[in-house]
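The values are calculated or read from the model by the stated rules, or taken from the named source; none is laboratory data. Just so it is clear, the structure is predicted and the values come from calculations on it, not from any experiment. A quick note on method: Cβ atoms are made from the backbone with ideal geometry, for glycine too, and the neighbour counts reach across all protein chains shown. These accessible areas exclude ligands, DNA and RNA; they are computed on the full protein's heavy atoms, side chains included. Shrake-Rupley method; radii C 1.70, N 1.55, O 1.52, S 1.80 Å.
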Amino acid sequence: MKKTHPSMLIGRKRRAHFVAAALLALASLASTRLRATPQFSLVDVWTPANSELDGNLANGPEPHFVYAIGVTWDDTILVACEGRFSHDPASPDTGEKYLLVKRSTDHGASWSSDIVIEGGDGASWTNPAFVTDGITTYLFYGSNYSGTKTLHYKTSTDNGQTWSARQDINSLWGASFPNGWVQHGTIGHGIKKLKDPYRGRLALVFNHRTSATTPAANAKYGVDLLYRDPNGAWARAQGTQPPLTQETDTDSANDIGPNESRVAERANGTLALTARKRWNTTTYTRARVSGSAIANGFDWNGWADASGIIGTRMVDGGFIRFSDTSHLYSFSNNPGSTTRLNMAVARSADGGVSWGTPQTIYTGPATYSDLARDSLGNIYCVFGRDGNNHNIDLDPANPAARVTVARFNLEWVTGTNTPTLVIDNADPGFTTTGTWGSSSTIAGYYGSGYVHSPSGTNTATWTPNITVAGNYEVYIRWTAESNRPDAAPVEVRYNGGTSVASATLNQKSEGGSWYYLGTFNLATGTGNSVKLYASDAGSCVADAVMFQKQ
């Protein structure tokens, strides 16, 4: 968010006095960047009035179904969905489908017109999922455009305004898919790992099944995981105990494995997986936690029912890590029924194993959903509503089905004060020693730019005004370039400044991402800080620091 520094508004003689007064008056500005009171709003993204794909009103507005949401490096919010031509409730998943994206540059308050990723060729373009790595955002999806089920991705480096050529990725599974799988997709979003092991690794879950003509009870539903290490290529994780690619989770005699899934990182750096339970009359969402990471993939333990999530059977849901102590899951909350009603969100304090009482987002018809968060601690839930189970209008003569984004904060979910503080290089609370130049040349910065300094004795310090004491996750970001230092020293002073933790930053890579420094106990006041030293060879960048209370 672009700001005008108060000292630019007055003459030099009064500048020092004004800045001192301004710092006192605005001391709590950073700590209120996201208001620490419950916040909630709903904004429609696709409505009956803006959902025509071909201009033909004969059948009413086209259904929009299967959703993804992602956040780019500058907090642009992206949503994606299938624009479907089928209005037949008996075969809602068949026929031509567009793949559509919309953007919001004001934290979900308003949305762009459609960006057509694929469509208009009679093919079925399906199952979108976003993954962001610094300035690059991936959009994965599937299709039958070549007569076979194919998986693809495109990339954007301008926050979703334009997209690259399509890349096919079926070859990652070799000559043929295992387990007789012939139908494939992903959904929602993937993640970038914040912690070791494999810090910086991207991970995304794909779901598969045998032919659509196979009865669902023995269609061998299953999931597996793709990953990409920093500066590496995408690969399929092939672990042991057991590998995800052979997971069939046999309740009774049927191969009834998991379907649409999400993955999130846990406090210890392992992963949790939630999955839609495709074929069972007594259980709902399934949960799985990874064990130790291995060189070419991940080991996983067995499946377990996700305690506390009692949602509608057979429906996709969103799953994100907000912090180490808050994972969130969105789902249609209509226990004991296959009718998709009542969008809700629940919180887990133990990494996705058990869940608290859900908070209702919307009462009424509500289908698939996905979740994301931005730098300010805003949480976004995209979901379909007011149609049938596939978001087709219940009454074509009175169209109502739409896609909506709910924006809220963790306080609204939990009732607990959990502020998100962001101090940018243009904010009160940021100070430097020595000479630092300003720039916005290299993408990936927070706010309107960053400052940089050559190697020497110069320092940059971010000092938050902590109003709620407790454990805070601390993150830092920079813009990456080859002339940056590869071991810039950084210190975190915590416990009111009485304790110090040190690390080094490789600013040649990882630009445009929030880099996790650790979790620290921060006392109230201004005794805690993060200090960056421009002592390593290269042009050191100081941009922004985030303090996320657990």
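Net charge around residue 484, counting only other residues with Cβ within less than 15 Å of its Cβ (Lys, Arg = +1; Asp, Glu = -1)?
Net local charge, residue 484 excluded: -3.
Could you look at region 453-550 and say what percent of its accessible area is carbon and sulfur, using a 1.4 Å probe and all protein chains? Show your work: numbers first, answer last.
Values: 1480 of 3270 Å².
Of the solvent-accessible surface of region 453-550, carbon and sulfur hold 45 percent.
Please give the length that would be gained between residue 196 and residue 164 if that part of the chain were fully extended, namely 0.36 nm times their separation in residues minus their C-alpha to C-alpha distance (nm, one decimal). All intermediate terms of the calculation are to be shown ahead of the outcome.
Numbers: separation 32, 0.36 × 32 = 11.52 nm, distance 3.08 nm.
Between residue 196 and residue 164, full extension yields 8.4 nm more.
Roughly how large, in nm² to one decimal, is the mean projection of the convex hull of the alpha-carbon atoms in region 101-177?
6.1 nm²
Just subtract the alpha-carbon distance of residue 363 and residue 523 from 0.36 nm times their residue separation and send over the number in nm, one decimal.
Result for the pair: 53.6 nm of gain on full extension.
What pairs from 102/192; 102/220; 149/508; 154/508; 102/193 go past 30 Å between their alpha carbons?
Where the Cα-Cα span goes over 30 Å, the pairs concerned are 102/220; 149/508.
With all protein chains present, how much of the accessible area of region 201-241 (probe radius 1.4 Å) comes from carbon and sulfur, to the nearest whole percent?
Ligands and nucleic acids excluded, carbon and sulfur give 46 percent.
Which whole-Hz ³J(HN,Hα) couplings does region 212-229 yield from phi under the Karplus relation 6.51 cos²θ - 1.76 cosθ + 1.60, θ = phi - 60°, glycine and proline marked x?
Residue by residue, region 212-229 yields 4, 7, 6, x, 4, 5, 9, 7, 6, 4, x, 10, 9, 10, 9, 9, 9, 7 Hz.
For region 376-442, what ratio Rg/Rh do Cα atoms give with a Kirkwood hydrodynamic radius?
My calculation of the ratio gives 1.31.
Which length gain, in nm to one decimal place, applies between residue 213 and residue 354 when the Cα-Cα distance is subtracted from 0.36 nm times their residue separation?
Details: separation 141, 0.36 × 141 = 50.76 nm, distance 3.58 nm.
Full-extension gain reported as 47.2 nm.
Run the simple label-point estimate for residue 443 and residue 457 please: 7 Å along Cα→C-beta, distance reported in nm.
About 3.9 nm, to one decimal.
If each of residue 37 and residue 229 carries a label point 7 Å out from its Cα toward its Cβ, how far apart are those two points in nm?
5.0 nm
Normalising by the residue count of region 318-465, find the relative contact order in percent from Cα pairs under 8 Å and 6+ residues apart.
Over region 318-465, the number comes to 15 percent.
Mind jotting down the three principal axis lengths of region 413-539 based on Cα atoms? Whole angstrom, largest first.
Cα spread of region 413-539 along its principal axes, largest to smallest: 44, 32, 23 Å.
Apply 1/(1 + (r/R0)^6) to the Cβ-Cβ distance of residue 394 and residue 482, taking R0 = 56 Å, and write down the FRET efficiency to the nearest 0.05.
Numbers: r = 57 Å, r/R0 = 1.02.
In this case the efficiency is close to 0.50.
Answer rounded, prolate or oblate for region 309-390, using the Cα gyration tensor with square roots of eigenvalues a ≥ b ≥ c: rounded when a/c is under 1.5, else prolate when a/b is larger than b/c, else oblate.
oblate
Which value in nm describes the separation of the simple spin-label points at residue 110 and residue 93, placed 7 Å from the Cα toward the beta carbon?
3.9 nm
Per the 1.4 Å probe, what fraction of the accessible area of region 42-127, in percent, lies on carbon and sulfur atoms?
Working: 1450 of 3040 Å².
Taking all protein chains in place, region 42-127 shows 48 percent carbon and sulfur surface.
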